[in-house]
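Heads up: the structure comes next, in structure tokens.
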Amino acid sequence: MTYETLIVETRGNVGLVTLNRPQALNALNSTVLKELKVAYAGFHADETVGAIVLTGSERAFAAGADIKEMQALQFADIYKSDFISGWDDVAKARKPVIAAVSGFALGGGCELAMMCDFIIASETAKFGQPEITLGVIPGMGGSQRLTRAVGKAKAMDLILTGRMMDAAEAERSGLVSRVVAPERLLDEAFAAAEKIASLSRPSVLMAKEAVNRAFETTLEEGLRFERRLFHSLFATDDQKEGMAAFVEKRKPAFTHR
Ligand code: HXC
């Protein structure tokens, strides 16, 4: 597959996707969506890949959905085609995805970063939901995921004013897990992804499912779900190997079974 808007590579056990529309600050158009789905599907089919890093350029992770592509759209058409619902597939990636964000992550760009499992930001990162300044509102999950990530006060502040927040504010508010120097960004994201990829695949996938369930259900049901997943991991070879390796004071050799 030749990509027009992405650079897709595999480095060791980590899949790397780089958004690559520099002329539009990586604005997300329908080609990006189509290609991202193909890239993710390839990584999911590749048993050697244990985690994915999604990044942009130094200047922009992504400056939003492509305004030029959206400008002339009409309600009836986008309603009938359920415009942008395809991004739900991206958010449902089963393998862990780390967003490595430098520069602008605005509108759909911020929303795409929030579809990832966690965000590592460069000190230069700027997050925002400026849709209100265009006469619309977030449409790829911003009003829901940002609110869950940073709480109502900060989400309202950002979404109603359209202002940007810097990396320090994003870390303070819980939107990003770590902030690093710009030149360290990819190394840091890779190190985290490699660590994840080295662990037992079934437990990694279940850990991700369990955390995500916290956003979907009651505490009681979430605890039950977690416990059942925990129980089920005792049917894996990797649980036997992981615990034996600890007791024998050696490194585990996970087979992902
Ligand atoms: C299309 C975009 C774009 C976007 C930037 N560009 N953002 N094109 N869609 N979202 C293009 C510009 O038109 C310009 O191309 C080039 O990228 C460089 O941008 P500049 O504006 O010249 O750069 P700068 O002055 O540094 O300003 C950077 C910026 C600004 C602050 C990020 O570009 C900006 O405000 N962009 C829009 C941000 C935004 O509103 N995002 C939300 C989109 S709506 P040309 O060829 O003109 O020089 C959204 C909804 C999502 O995301 C949910 C529903 C789909």
- Restricting the stretch 31-67 to residues that are under 18 Å from G107 (Cβ atoms) and free of Cβ contacts under 8 Å to residues at least 40 places away in the same chain, which is nearest to the ligand (Cβ to nearest atom)? V32
- Item | Subset of the stretch 210-229 [open to solvent by 80 Å² or more (accessible area, probe 1.4 Å) and not in a helix (DSSP H, G or I)] | F215, E216, T218
- Query: When the residues of the stretch 84-97 are filtered to those that are assigned to a loop (DSSP other than H, G, I, E, B) and in contact (Cβ under 8 Å) with a residue 12 or more places away in the chain, which remaining residue is nearest to the ligand (Cβ to nearest atom)?
  - Reply: I84
- Message: Checking L175 against (1) outside the structural domain of C116 (by the TED database); (2) surrounded by 15 or more Cβ atoms within 10 Å (Cβ to Cβ); (3) on the phi < 0 side of the Ramachandran plot, only one condition comes out false. Which one?
- Response: (1)
- Checking E131, E111, E123 in turn, the sole residue that is modelled with pLDDT of 95 or more, in contact with a Lys or Arg (Cβ under 9 Å, 6 or more places away or on another chain) and either within 12 Å of the ligand (Cβ to nearest atom) or open to solvent by 10 Å² or more (accessible area, probe 1.4 Å) (or both) turns out to be E111
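The values are calculated or read from the model by the stated rules, or taken from the named source; none is laboratory data. Quick caveat, the model's predicted, so the values are computed rather than measured. We place every Cβ from the backbone using ideal geometry, glycine too, and count neighbours over all the protein chains shown. For the accessible areas, the whole protein counts, side chains as well, though only heavy atoms, and no ligand, DNA or RNA atoms are used. Shrake-Rupley method; radii C 1.70, N 1.55, O 1.52, S 1.80 Å.
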